[in-house]
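To start, the structure itself, in structure tokens.
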Amino acid sequence: MVLAHLENPHIEGSLFQGIDHPPFEFAVLISGFYAPWWSIPLGPHRLRTPSLHIFGINDIMVSPENMARLIGYFKSPRVEIHQGGHFIPRTLSWRRFLVDYLSSRGTHTGSARSQHAVAVRSPTPPLCWEEFCSIQRMLDDAS
């Protein structure tokens, strides 16, 4: 919601209307989800802020449909799925991945906003869980 408001401060009802704050360079959303009660001022476009979405394959707090709906609001999301539940993965491979990903983002200004700065290798092998595969198919179809 904050990303949408920062990208669209001119839209009526924006939380940041009249406030001079640039959009974020990137976002990391862990167990993020769409909440229908939020007002998201998207205008005619998807969110341009590069985003990393991390979900647990065994998350019982957030449905795959709400995860997919949130991801659908982004122009170029990167999605990573871990073997756990509704938490930040803490294994060594995930810690390395997060450090590498955040380091790859650096302190870019403007030019890196349209894409992920550097390709960082996924911390897990490709997973195909029925509901998450359907999310991936939905994302592929939307591209």
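In the stretch 7-107, which GluC sites (Glu not before Pro) are in a loop and have at most 16 other Cβ atoms within 10 Å, using DSSP for the loop call?
Glu12, Glu25
Roughly how many nanometres apart are two label points built 7 Å out from the Cα toward the Cβ at Met61 and Ile88?
In this crude spin-label approximation the distance works out to 1.3 nm.
FYI, it's all coordinate maths here, none of it is from the lab. The shown structure was predicted, so the numbers you read here are calculated from the model rather than taken from an experiment. Here Cβ is always computed from backbone atoms with ideal geometry, including for glycine, and neighbour counts include all displayed protein chains.
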